[in-house]
1. Using 0.36 nm times the number of residues separating Asp22 and Lys75, minus their current alpha carbon distance, what extension gain do you get?
2. Quickly rank 84-95, 40-51 as a protection proxy: mean count of other C-beta atoms within 10 Å, highest first.
3. Pop out the carbon and sulfur fraction of the accessible area of the chain as a percent, whole number, probe 1.4 Å.
4. For a quick check, take a GNM of the chain with Cα springs below 10 Å and name the residue from His99, His37, His23 with the largest mean-square fluctuation.
5. Mean-square fluctuation check for the chain, GNM, Cα pairs under 10 Å: which of Arg11, Arg82, Arg68 is largest?
6. Given N residues in the chain, what is Rg(Cα) / (2.2 N^0.38 Å)?
7. I'd like the accessible area for Glu20: 1.4 Å probe, protein heavy atoms, all chains in place, Å² to the nearest 10.
8. Can you flag which of Lys65/Lys107; Lys7/Lys65; Lys7/Lys106 are past 29 Å Cα-Cα?
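The values are calculated or read from the model by the stated rules, or taken from the named source; none is laboratory data. Source: prediction; values computed, not measured. In this analysis, Cβ positions are derived from the backbone assuming ideal geometry, glycine residues included, and neighbour counts consider all displayed protein chains. Note: areas computed on protein heavy atoms with side chains; ligands, DNA, RNA excluded. Shrake-Rupley method; radii C 1.70, N 1.55, O 1.52, S 1.80 Å.
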Amino acid sequence: MSTLFTKIINREIPASIVYETDHVIAFNDIDPQAPVHILVVPKKEIPTLNDIELEDSKYIMEMYKAIREITKDLKISEDGYRVITNCNSFGGQEVFHLHFHILGGKKLGSMLCSK
Ligand code: AMP
């Protein structure tokens, strides 16, 4: 069964898409935690950060290229932003399709890491 994010890639469920290439898609998070909260997703179902293989390099490189271009377009690259990937249970991962959260648009607080 395909992941939630593959369904977005295949236009089976709607999303506010802000960027797309052959290997990557990016869309606004449905529950934004900052003025800018965008998810950058590879068009390959890599479940977690633990599952990235060398052969996935083109996806990972394009994800970073997407971050650079999106943040530049939104004019938040100079002020700065945060990129987060949650991994598995302790990391708080909910969707098991690799993704980077881009958070920005305001001065962010300290890293979320409650004791
Ligand atoms: P994570 O906890 O790192 O797996 O993050 C999953 C993220 O996906 C959360 O920030 C959710 O708000 C977001 N999300 C869940 N469903 C959707 C959706 N249909 N469209 C956009 N973002 C979503």
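1. Working: separation 53, 0.36 × 53 = 19.08 nm, distance 2.41 nm.
Gain on stretching Asp22 to Lys75: 16.7 nm.
2. Details: 84-95: 11.7, 40-51: 17.2.
Order by mean packing, descending: 40-51, 84-95.
3. On the way: 4060 of 7530 Å².
Accessible surface attributable to carbon and sulfur in the chain totals 54 percent.
4. Result for the chain, Cα springs under 10 Å: His23 fluctuates most.
5. Looking only at Arg11, Arg82, Arg68, the biggest GNM fluctuation is shown by Arg11.
6. Numbers: Rg = 13.8 Å, N = 115, 2.2 N^0.38 = 13.4 Å.
Taking N as the residue count of the chain, the ratio is 1.04.
7. For Glu20, solvent-accessible area is about 80 Å².
8. As for pairs spanning more than 29 Å Cα to Cα, those are Lys7/Lys106.
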